[in-house]
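Notes for the one structure printed next.
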Amino acid sequence: MDVKAPLGTEDILPEQAVLWQKVEATARGLFARYGYGEIRTPIFESTRLFVRSIGETTDIVEKEMYTFGSGDESFTLRPEATAPVVRAYLEHNLHKTKSFQKLYYIGPMFRHERPQAGRKRQFHQIGVEAIGASDPLLDAEVIALACHLFDDLGISGYRARLNAIGTPASRGGYRDLIKAELSAQQDKLCPDCRRRLDRNVFRVLDCKNEGCIAITRKLPRILDHLPEAERVHFARLAKALRSAHVPFEEDAFLVRGFDYYTGVVFEITHGALGAQDALCGGGRYDNLIADLGGPSLGAVGWALGIERLLMALQAGGPAAEAAPLDLYIVTMGGPARVAAVEYLSKLRRAGLAADTDYEGRSLKAQMRTADKLRARFVTVLGDNELASGSLRLKHMATGAETEVSGVEGILHTIREHSGQGAGGVELNP
Ligand code: AMP
């Protein structure tokens, strides 16, 4: 067939899905411990939601959204989930029942970007949003949570960088200052940044062009030009992170590609990711809830890319393989195959991971499959076993064989070997 998956999208095959499941399960476990509840929002939303929240002059809204019409309405495949989560928070009046909510999501996002390593058109994010509080201790919690997730997954070598970018009102003075300095040197800026000077001067700070970096790194620090309260907030966050032993560094030129961010912003990068080295990004968005028609409430969150997380995970060596099988039933002859299916139905209902051959293959080939599936026990079922009603279970690690009879006998022996007794405990973790 000459039809392929669209450019910038990926199929996740069973072997890789094991890793995805490990990442998602680890994240869900941590979110439960930190008190974050799951929220699932639609894959598409009204286009207006993203234009109003992310901002009209951002790369995402200007050129990366998948937008389609339906009747008079314009919809967009979600390029990110903070705005949808805030929309849902307000639509369901969560602020009236319990204004402080800690939420998380896991799912696909869509951006029409130029695909390259670590940059997809459909990618997946895990994200958290803590809505309803402005305390810098909450900023510290969400950052610590991201680092905790990386640690639990065995990812080392990540770097957290922090900055504060103020609000549209409080950064006005700094904006004018850098605009004047950059305008004076605009012939040395890249064409994109010359355009950004008028439209969104802060995006110049984010430019990866070496000529632009050389100029921006000599600009004054934004933090020194923010009001006292915002500097105190940043200092309290830094102190909380130090006391939680979360390693980080200040990066006076870190900005993010969304207009809704106010105050603290952060990014966590990893050396194994190449040019697209951002693993996780987030920050405060204290104006977004009010901008979308709700009350004035503080909020902070982050999102990480699962594809990039897996790249970082695999850089540290093999990360996960499918759980082994408890029992493989090798069959010899038609009646044995029928009996095997009956055994399997009972054993699986009792909690065992068990399988057999459906391809009518030779005994040797079936043994090879059992080996590949890393079966802990193997039994051969033929006419003799059917006549006697007893089976020989071979424990593959030791070669020891045990004669058992019926489903109960199989369960008893396998459970004993799992060190869990015959207590009906889930065997295949
Ligand atoms: P953002 O929503 O742009 O702050 O991105 C948060 C995280 O999502 C990034 O740090 C990446 O890990 C991931 N990410 C963003 N865009 C893409 C993309 N096009 N392809 C793969 N991952 C992405």
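Annotations
- For the stretch 1-143, the fraction of alpha-carbon pairs in successive 5 Å shells from zero, as %: 2, 8, 15, 18, 19, 17, 12, 6, 2, 1, 0, 0
- Straight-line cross-link partners of LYS179 among the aspartates and glutamates, defined as a Cα under 14 Å from its Cα and at least 8 positions apart when in the same chain: ASP187, ASP198.
- Loop sites in the stretch 80-174: trypsin sites (Lys or Arg not before Pro), DSSP, at most 15 other Cβ within 10 Å: LYS98
- Inter-probe distance in nm under a simple model that places probes 7 Å from Cα toward Cβ, at GLU210 and VAL3: 4.6 nm
- Long-range tail of P(r) for the stretch 308-348 (Cα pairs > 16 Å, %): 57 percent
- Between the amide H of HIS124 and those of MET109, ILE306, GLU307, distances stay under 5 Å, these residues lying 5 or more places away or on another chain, with hydrogens modeled in the peptide plane.
- Computed helical MRE - 222 nm, the chain, DSSP H runs ≥ 4 contributing -39500 (n - 2.57), nearest 500: -11500 deg cm²/dmol
- Kirkwood Rh, angstrom, the chain [1 / mean 1/r, Cα pairs]: 25.2 Å
- Partners for LYS98 among lysines (Cα-Cα distance below 30 Å; same-chain residues under 8 apart left out): LYS239
- Cα-based Rg / Dmax (Å) for the stretch 327-418: 11.9, 32
- Segment ARG361-GLU250, extension gain: residue separation times 0.36 nm, minus the distance between their alpha carbons: 33.7 nm
- Burial ordering of CYS212, CYS280, fewest other beta-carbon atoms within 10 Å first: CYS212, CYS280
- Highest to lowest packing among 379-387, 130-138, scored as the average C-beta count within 10 Å: 130-138, 379-387
Throughout, read-outs are computed from the coordinates displayed, never taken from laboratory work. Please read all numbers here as calculations on a predicted model, not as lab measurements. Glycine gets a Cβ as well: all are built from the backbone with ideal geometry, and neighbour counts include every protein chain shown.
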